[in-house]
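To keep things clear, I will list the structure first and then write my remarks on it.
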Amino acid sequence: MKSSSLLSLLEDRRIHSGESLAQTLGISRTAVWKQIRKAQAEGVEIRTIRGQGYQLISTLDLLASDRIRKALPERLHNVIALDVLDTVDSTNAEVARRLTSGLKGMPVVVADSQTAGRGRRGRQWVSPQGENLYLSLGLSVRGGFSALDGMSLVLGVAVSRALSTFGAADAGLKWPNDLFYGDRKFGGILVEIQGELQDGEVQVIAGIGINVHMKQAEMVDQPWISLAEAWPDVVWTRNALAAAIVSEVVEIIAQFERQGFAPFRDEWQARDIFFRKDLVARDGGVEGRGAGIDTAGNYQIDTPEGLVPVRAGDISLRVRS
């Protein structure tokens with residue numbers, strides 16, 4: 001039995017007897033007790049009431065595929081192949097496996113935790129259980145590899161739009177693939193090409209990680225924040241957030257495939273946290289002031305010699321100290 005099945009029964013915060021939980025789950029009362037102890041050891045507060053049963057005290061935000069589907073536009077129900085997992089090595093890796101398996105529909109994988117989450121340049125993406133959103137989609141884009149210029153930026157626009165529907169309208173974007181609130185990061189995007197160009201189409205895996213409820217992350221080596229801390233007046237639920245992001249990504253990628261990056265340039269630029277800041281390009285020896293992005297999604301640095309474009313695959317940027 002998965003502990004999430006037990007917790008979903010306790011989610012109503014009512015008192016449930018061990019016998020009723022055992023009958024519903026088709027297991028023994030001893031197995032229920034073991035799962036209760038396991039959840040408590042993982043930090044979930046569950047009250048044991050002698051002679052009555054168990055009552056959930058903690059506030060939980062459990063992932064559930066049926067809740068995500070219910071929040072999706074009906075037009076997407078037969079388009080995507082959604083799967084919600086308790087744990088996975090990486091949602092991007094799982095989507096890659098599904099793309100090679102011949103699965104019908106657009107693969108969308110959401111996980112409660114990752115054991116080998118990845119960020120840009122192979123960096124580890126810290127992925128604790130029950131706190132954040134780890135989401136990947138398998139996308140087919142026409143036009144060849146050159147058509148992918150600016151895709152991670154477009155995905156940043158899609159996530160920003162999704163957040164705006166909840167009232168979080170002031171999210172910032174850091175070139176090329178990070179999401180910020182003020183000077184702290186709350187999310188990132190990882191775009192990976194899957195396989196070879198076939199019939200004018202290229203398969204792309206879009207991975208999106210968002211800090212939703214996370215309060216502690218000792219392994220993260222940069223300033224970070226969660227949605228719950230950045231926008232405390234919003235009631236954040238991972239199912240609704242996942243549905244909103246999937247909906248925005250599917251819609252925006254269809255337009256991106258037809259029109260390229262240009263229609264999204266101004267919207268991305270309005271959220272640029274680098275604009276007019278003194279910057280230095282790591283490994284590139286280029287210094288100057290942030291001047292926004294060009295029509296292909298390259299970042300421009302205003303130097304004494306003029307505008308110098310920086311490609312995402314070549315070098316990264318940081319604010320000059």
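The values are calculated or read from the model by the stated rules, or taken from the named source; none is laboratory data. Quick caveat: nothing in here was measured; it's all calculated off a predicted structure. Heads up, the Cβs are rebuilt from the backbone with ideal geometry, glycines too, and the neighbour counts pull from every protein chain shown. Quick note on the areas: whole protein, heavy atoms, side chains included, nothing else; ligands and nucleic acids left out. Shrake-Rupley method; radii C 1.70, N 1.55, O 1.52, S 1.80 Å.
The figures follow:
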{"item": "From the options D233, D266, D294, residue that is loosely packed, with under 13 Cβ neighbours inside 10 Å and out of contact with any Gly (no Cβ under 8 Å at 6 or more places or on another chain)", "result": "D266"}
{"item": "Test result for V212, in the same structural domain as V79 (by the TED database), open to solvent by less than 10 Å² (accessible area, probe 1.4 Å) and under 25 Å from R97 (Cα atoms)", "result": "no"}
{"item": "Residue count for the range 128-176, restricted to those that are open to solvent by less than 20 Å² (accessible area, probe 1.4 Å) and assigned to a loop (DSSP other than H, G, I, E, B)", "result": "7"}
{"item": "Filter pass, D66 being within 30 Å of the chain's Cα centre (by Cα), acidic (D, E) and assigned to a helix (DSSP H, G or I)", "result": "yes"}
